[in-house]
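Inspection log for the structure reproduced underneath, given as structure tokens.
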Amino acid sequence: MCTTCFGFILLIWFPGLLHAQSAVQPCRAPRLVGGYFVPDEQIYAHETELTYACDEGLKPVAEGWWATSTCQNGKWSPQPQCIDENACIPITIPNSKYTENENGWYAQGATLRTTCDKGYEHKNRDATAKCVNGTWSSVPVCEKSRSTCSEPPKIPHAVIIHREYQEVFFADTAVQYECEDGYTVEGTHINKSIICMSGDWTEAPPCIIETGPGAGGGSAEVGTSDRDTSTGRGTQPGGGVRRPGAGGGSAEVGTGSRDTSTGRGTQPGAGGSSTSSGSGPSFITIDNCGTYPTVPNGVVVQEDRMYLKYKCNSFYTQVGLDTVVCQSDGTWSQPPTCKEAFCVMSPGRYDTGLTLHTSEYIKEGETKNLQCIWRDYTLAVQCSNGKITRTRCCHYSDHQRRVCN
């Protein structure tokens, strides 16, 4: 009597114990037509694993001639089954999906139609698999689309932000990055991001070591006090402050009243040649010109106190000087333009035996091989002066002889 009372008190104190005892259920012996299993019992405890095999002419719904099933809270997982040896079990096709049979297997002659995940396409345009004598024939392959990009290139001293790792990035996807502490991208107006364009990532402005105002060898000094600058030399837009190819060393730029009787100023691209004071435009620091010029399809890749340097995105070519300076009247010099340097083939069926499901971008001067509607046949597409030329669909025979349609 006391023992019973004590047990009742325990259940009141520990209701979780009663729940734990009722949470799992044993399993009855599975009904297996055309097969046998061990151990052969009537009741199996939770998490008991049994092994089964099938009679002649049959096979388990699994790889191999035997399979296992586990009791999970009153049910067998997976359910033991014996099927015709010519039937097929489900297959795994990376980066694709298909409608699965509810019974977990496919009869002889069944056909699977697969769909590739976004960013992937069927190799050789083969989208189906057929069950033949217990195996799948011509299993489709989903490969990365030519218009997508793999993981972004590693940017020294930077990390990609707000993005989980993935193997494929769709066309026009933009990813942002941040520089590590102590490093920065020159120019606060630079967009720290790269974009997937037709299979390639645009170039990322680099992360460089942070420096204080005026730091760095060869940078220009900006004077604001009266002083003798009889030997002062003007600057050109470019490194230190010197453009690539320009002569002379670093320069001083005076902005206050001073004697400039022999001062020498330079113009963009002057290569260090001298002119008398006032004979050409003078330049001031870029913070006097306000908002940076916008160059469609281009980005600022370098920023100095005296100039900005631009670069065009992939698939575009630069027209004009790549550097922009702030002129003495508070206006910017003429920025470069980024001209299209690619051809586009729109989706559709072409008379050459080519069918495109997505737009195909080809860089100027580039040649691409595209898959034709016939297996193993390809054609070459070239972009030249903004126009596309195409060859016929061809392939090489076993004897390396070129065969064309």
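The values are calculated or read from the model by the stated rules, or taken from the named source; none is laboratory data. No experiment lies behind these values; they were computed from the predicted model shown. Glycine also receives a Cβ, built like all others from the backbone with ideal geometry; neighbour counts cover every protein chain displayed.
Taking region 285-325 as the search range and keeping residues that are more than 23 Å from Glu203 (Cβ to Cβ) and touching a Gly at 6+ places or on another chain (Cβ under 9 Å), which one is surrounded by the fewest Cβ atoms within 10 Å (Cβ to Cβ)? Step by step, filter region 285-325, then rank; the result is Gly290.
Would you check if there is a residue in region 125-136 being among the basic types (Lys, Arg), under 30 Å from Glu360 (Cβ atoms) and loosely packed, with under 14 Cβ neighbours inside 10 Å?
Residues of region 125-136 that are among the basic types (Lys, Arg), as a first pass: 125, 130.
If we keep only those that are under 30 Å from Glu360 (Cβ atoms) as well, we get 125.
In the following step, the residues that additionally are loosely packed, with under 14 Cβ neighbours inside 10 Å were identified as none.
No, region 125-136 contains no residue that is among the basic types (Lys, Arg), under 30 Å from Glu360 (Cβ atoms) and loosely packed, with under 14 Cβ neighbours inside 10 Å.
Cys326 meets the conditions (1) among the hydrophobic types (A, V, I, L, M, F, W, C); (2) under 27 Å from Ser359 (Cβ atoms); (3) modelled with pLDDT of 90 or more in every case but one. The failed one is (2).
For region 365-398, a residue qualifies if it is of a type in the set (Val, Ile, Thr), out of contact with any Ser or Thr (no Cβ under 7 Å at 6 or more places or on another chain) and part of a loop (DSSP other than H, G, I, E, B), and exactly one does: Thr391. Total residues in region 322-349 satisfying the condition of being assigned to a loop (DSSP other than H, G, I, E, B) and either among the hydrophobic types (A, V, I, L, M, F, W, C) or in the same structural domain as Glu364 (by TED's automatic domain parsing) (or both): the figure is 4. Could you please find all residues in region 133-151 being in a strand (DSSP E or B) and closer than 25 Å to Val175 by Cα? Listed by number, the residues that qualify are Cys142, Glu143, Lys144, Cys149.
With the structure loaded, tell me whether Tyr396 is in contact with a Lys or Arg (Cβ under 9 Å, 6 or more places away or on another chain), surrounded by 13 or more Cβ atoms within 10 Å (Cβ to Cβ), outside the structural domain of Tyr316 (by TED's automatic domain parsing) and farther than 20 Å from Ser198 by Cα or whether it fails that test. It would help to see each step written out before you state the result.
On the way: in contact with a Lys or Arg (Cβ under 9 Å, 6 or more places away or on another chain): yes; surrounded by 13 or more Cβ atoms within 10 Å (Cβ to Cβ): no; outside the structural domain of Tyr316 (by TED's automatic domain parsing): yes; farther than 20 Å from Ser198 by Cα: yes.
Here the answer is no, as Tyr396 does not meet what is asked.
For Cys338, indicate whether it is closer than 25 Å to Pro205 by Cβ and either among the hydroxyl-bearing types (Ser, Thr, Tyr) or under 22 Å from the mean Cα position of the chain (by Cα) (or both). Write out each step before concluding.
Details: closer than 25 Å to Pro205 by Cβ: yes; either among the hydroxyl-bearing types (Ser, Thr, Tyr) or under 22 Å from the mean Cα position of the chain (by Cα) (or both): no.
Judged against the criteria, Cys338 is not a match.
When you scan region 350-363, do you find a residue that is aliphatic (A, V, I, L, M) and outside any strand (DSSP E or B), even just one?
Kept after step one, since they are aliphatic (A, V, I, L, M), are these residues of region 350-363: 354, 356, 362.
Narrowing further to those that are outside any strand (DSSP E or B): 354.
For region 350-363, residues aliphatic (A, V, I, L, M) and outside any strand (DSSP E or B): present.
Across region 140-177, the qualifying residues are those that are among the β-branched types (Val, Ile, Thr) and touching a Ser or Thr at 6+ places or on another chain (Cβ under 7 Å), and the one among them that is nearest to Ile91 (Cα to Cα) is Val168. Residue count for region 313-332 satisfying the condition of being among the acidic types (Asp, Glu) and farther than 30 Å from Tyr361 by Cβ: 1.
The set of residues from region 333-389 being within 21 Å of Cys404 (Cβ to Cβ) and surrounded by fewer than 13 Cβ atoms within 10 Å (Cβ to Cβ) comprises Arg349, Asp351, Asn369, Arg375, Thr389.
Across region 105-127, the qualifying residues are those that are in contact with a Phe, Trp or Tyr (Cβ under 6 Å, 6 or more places away or on another chain) and in a loop (DSSP other than H, G, I, E, B), and the one among them that is farthest from Ala171 (Cα to Cα) is Thr114.
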